[in-house]
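Engineer: I'd like to ask you about the structure that follows.
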Amino acid sequence: MMIKPVYLDYNATTPMDPRVLEAMLPYFSEEFGNSVSAAHSYGWVAEKAVKKAREQVASLLNCDPHEIFFTAGATESNNWAIRGLIDQLRSEDSTPLHFISSPLEHSSVLSALRAAEQRKDIAVSWCASNTSGALDINNLERMLKTKSQLMSFMWVNNEIGSINPIQALGELAQSQQCYLHSDATQAIGKVVVDLKKAPVELLSFSGHKIYGPKGAGVLFVRGKNPKVRIKPLLFGGGHEGGQRSGTLNVPAIVGLGLACEIVQKEFSQETQKLQALRNQLWGQIQSQFPTARLNGPQIDSRAINSLNITFCGYLVPPSFAEIAISRGSACHSGAASASPVLKGIGLSDGDADKTLRISWGRWTTPEDIEKAVSVLKKTLRPLQAVPNDNSLRN
């Protein structure tokens, strides 16, 4: 029987929590109704389940349930936030639009904004980061124009673990009556996300990064102070208050709701565990690989569940049989060159080729960390020094 590798790629996706799966199962079979079938009990049961999930998500985020819209994932939510806002603003005014973002964003945000840039009436400014992934706030303030309509910055970076100062970014945006959108996919469950306090107008995340199902996500759209309006991407049966048509995936929504509830209830104990595993891993890496370099912020100023490490002086193989880890962002794992994030913080293609992202989660144990370091120790090979001219003559 083949032994499965130790899974340390939680930033790519998480295994579903058994409690989530158990809650979902009835909605695949006996409770199969359509949530908008208002004339009979099958529809009522499904509608009640969706309502409960919406309340569970809203409770985690500390917002109103009416501000929560279900999607197929953060990629859709990111596209909807950007393209929906463009369509809404265009319906109100023909003034040229100005958006601000960062080269370190997820590809779904980058691609949506670059597509917007192709239009003559939309300009996008790209705010650079320093080598730790921190935004240059002074540069951002210069970019922020009186007529800027949107800033889009992820809460926690999926590759290098940098945490953006969302409170400060939101206050800066509000000072110019500019909306802030944040992809919070890697933030949920790792940092406190309180939308009563954080001045964020649009927020996205996916269920499969918090032990919920794939194919389920959320877009938060602030309902007051200020009230945000965006146009739908999908038209049809008027689902989700007419904002996102299409029969709701009730099992996935139920799973997403419970996943959020579990995150909220177990946040303190889980974050303590993740932090302890982080410290264990980095301590052992430093001991076994003294030349290893941590990419992104310092160990105590970063996301608690992942490390991005360049193994300077070592040859890193393209894959591992005994551990599941990533050579970069999961969305770029097949790329031959450095990911945009690694390039954005100054890594060369050569350095990126020696770089691994290791991420852990709910079911990772200290023994898993020890196994991973042991595998790296026996698998990574020191690069042989190139002989100099004198040695060649001898």
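Engineer: Please report the antiparallel percentage of the DSSP beta bridges confined to the range 72-222, to the nearest 5.
Structural biologist: Roughly 30 percent of the beta bridges in the range 72-222 run antiparallel, per DSSP.
Engineer: Further, regarding this structure: Specify the angular offset, from 0 to 90 degrees and rounded to the nearest 10, of the alpha carbon long axis of helix 250-288 from the longest principal axis of the alpha carbons in the chain.
Structural biologist: Relative to the chain, helix 250-288 is tipped by roughly 20 degrees.
Engineer: Let me ask something else about it. With volume of the Cα convex hull per residue in Å³ as the read-out, I listed [x] 192; [y] 202; [z] 166; which label goes with the value calculated from this structure?
Structural biologist: [z]
Engineer: By how many degrees, between 0 and 90 and to the nearest 10, does the Cα long axis of helix 166-175 differ from the longest principal axis of the chain?
Structural biologist: 50 degrees
Engineer: Turning to a different aspect of this structure: What is the local net charge at T14, summed over the other residues whose Cβ is closer than 9 Å to its Cβ (Lys, Arg +1; Asp, Glu -1)?
Structural biologist: +1
Engineer: With Cβ to Cβ distances under 14 Å as the rule, what net charge do the other residues near V109 carry (K, R +1; D, E -1)?
Structural biologist: Summing Lys and Arg as +1 and Asp and Glu as -1 gives -3.
Engineer: Could I ask something else about it? In square angstrom, what is the accessible area per residue of the chain with a 1.4 angstrom probe?
Structural biologist: Result: 46 Å² of accessible area for each residue.
Engineer: List, largest first, the extents of the alpha carbons of the range 44-141 along their principal axes, each in whole Å.
Structural biologist: 49, 38, 22
Engineer: Give me the compactness ratio for the range 220-288, meaning the Cα radius of gyration over 2.2 N^0.38 Å.
Structural biologist: In units of the globular-protein estimate, the range 220-288 measures up at 1.84.
Engineer: Now for a different question. If each of E141 and D351 carries a label point 7 Å out from its Cα toward its Cβ, how far apart are those two points in nm?
Structural biologist: Label-label distance for E141 and D351, simple model: 2.8 nm.
Engineer: Moving on. Restricting to bridges with both residues inside the chain, how much of the DSSP beta-bridge set is antiparallel, in percent to the nearest 5?
Structural biologist: Among the beta bridges of the chain, antiparallel pairing accounts for roughly 55 percent.
Engineer: Still on this structure, please answer the following. For the range 248-375, what class follows from the C-alpha gyration tensor (a ≥ b ≥ c being the square roots of its eigenvalues): rounded when a/c is under 1.5, otherwise prolate if a/b is larger than b/c, else oblate?
Structural biologist: Because a/c hits 1.5 or more and a/b exceeds b/c, the range 248-375 counts as prolate.
Engineer: Moving on to the next point. Quick check on packing: order 28-39, 211-222, 369-380 by the mean number of other C-beta atoms within 10 Å, highest mean leading.
Structural biologist: Final packing ranking: 211-222, 369-380, 28-39.
Engineer: Output the 0 to 90 degree angle, nearest 10, between the alpha-carbon long axis of helix 74-92 and the longest principal axis computed from the alpha carbons of the chain.
Structural biologist: 50 degrees
Engineer: What's the carbon and sulfur percent of the chain's accessible surface, probe 1.4 angstrom, rounded to a whole number?
Structural biologist: Looking at the chain in its full context, I get 53 percent from C and S.
Engineer: Cβ neighbours within 10 Å, averaged per peptide: list 146-159, 292-305 in order, most packed at the top.
Structural biologist: Result, highest mean Cβ count within 10 Å first: 146-159, 292-305.
Engineer: Using only the alpha carbons of the range 98-256, determine the length spanned along each of the three principal axes and report them from longest to shortest in whole angstroms.
Structural biologist: Computed over the Cα atoms, the extents are 45, 34, 31 Å.
The values are calculated or read from the model by the stated rules, or taken from the named source; none is laboratory data. Remember, predicted model here, so these are calculated numbers, not experimental data. Virtual Cβ from ideal backbone geometry, glycine too; neighbours counted across all protein chains shown. Quick note on the areas: whole protein, heavy atoms, side chains included, nothing else; ligands and nucleic acids left out. Shrake-Rupley method; radii C 1.70, N 1.55, O 1.52, S 1.80 Å.
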